[in-house]
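Step one of this worksheet: look at the structure below.
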């Protein structure tokens, strides 16, 4: 009962910590800018806007399956790291004519490698970003307070710059397709589309593909995939922290359950039982269970096996044993048969059965000649 109480306390403590960790998470927040979220930093409005513009939209989830080569994909701040295969697949898709809008504050190592993205290490003020003439109808956009600028190459054309002139967005021709990099995803998120020229920026991005082209949103790398079971995922995400707290609670529960409440009491050494005690115990069990007939059968069968071994006869089949015994040792056969008859006829009590059993034992295991002379 005490052991069960310890487990119950550990379970209650774990559930309490998990509930606090879950309820303590900020509500209406989407740091990964999910297209399922209606939060200010979510991207559900971008998906609805694309649908309103006549683009069939889809969410990439379950498996990383890309839409048709003439479509557009939004990748917002992956929380589950891209594998090398996923990044190479995305790069190959763009080379075939697709358009990838890659908006992430810190970037993904494999995706940055696949598209040759170079970022400055520090962050700069990015509350207002200034557009160049390549964006139709866009002069300024408003986003977050800070962003990490890009180090663009000759093939990468800056579209948005900070007040100091550092690139915060660029477009690059990549094979037959194009890739657009945004250092601050908030400029096309729900709560910012009505600020400055942010809505026009989103419209220009959708205008990079033909009317009716498919638009996809990568939610596959916002969910739990095999890469999430890396050690860093246990502490870098809310669910990982909750699991860590659960393990700590279970450990504490087990620790409390194993706590001593007094000095250790040594276990008494077990005494070796004599063979006679086992025989007495088995006999007592047979007597209590009322297995008298079974006991008599066991005694008779054991005696027959001993006689068969002594005379060199097979004990089974039983009728052949008796025929052979009467032929080879008729006196022994008659004595054994009489002893068994007396044994099965002992209905008066345990004393008569004991005498009959002793008689069978003398027939089955006769004493040696020298012992007979001594007796």
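Rounded to the nearest 0.05, what FRET efficiency do residue 282 and residue 250 have when you use their Cβ-Cβ distance and R0 = 51 Å?
0.65
Give me the tail of P(r) for region 75-161 as a percent: Cα-Cα pairs with distance above 19 Å.
Beyond 19 Å sits 47 percent of the P(r) for region 75-161.
Need one number: nm distance between label points at residue 269 and residue 241, each 7 Å from Cα along Cα→Cβ, rounded to one decimal.
5.8 nm
Which FRET efficiency value, to the nearest 0.05, do you get for residue 130 and residue 40 by plugging their Cβ-Cβ distance into 1/(1 + (r/R0)^6) with R0 = 35 Å?
Plugging the Cβ-Cβ distance into 1/(1 + (r/R0)^6) gives 0.95.
On full extension of the chain, what length is gained from residue 53 through residue 113, given 0.36 nm per residue of separation minus the C-alpha to C-alpha distance?
My answer for the length gained is 18.4 nm.
How big is the C-alpha Rg of region 31-223 next to the rule-of-thumb value 2.2 N^0.38 Å, as a ratio?
Ratio of Rg to 2.2 N^0.38 Å for region 31-223: 0.92.
How many nm is it between the label spots at residue 210 and residue 63, if each spot is 7 Å from the Cα in line with the beta carbon?
Those two pseudo-labels are separated by 2.7 nm.
Going by average Cβ neighbours within 10 Å, how do the peptides 184-191, 104-111, 58-65 rank, with the highest at the top?
In descending order of packing, they fall as 184-191, 104-111, 58-65.
Write down the percent of antiparallel bridges among all DSSP beta bridges whose residues are both part of region 31-223, to the nearest 5.
Just about 55 percent of them are antiparallel.
Counting pairs of alpha carbon atoms under 8 Å apart in space and at least six apart in sequence, what relative contact order in percent does region 31-223 give?
33 percent
Provide the gained length on full extension for the span residue 337 to residue 355, in nm with one decimal, where the gain is 0.36 nm per separating residue minus the Cα-Cα distance.
4.9 nm
Label points 7 Å out from Cα along the Cβ direction at residue 195 and residue 324: separation in nm?
Between residue 195 and residue 324, the label points sit 10.4 nm apart.
Bear in mind that the values in this text are calculations on the coordinates, not laboratory data. Predicted, not measured: the structure shown is a model, and the values here were computed from it. All Cβ positions, glycine included, derive from the backbone under ideal geometry; neighbour counts span all protein chains shown.
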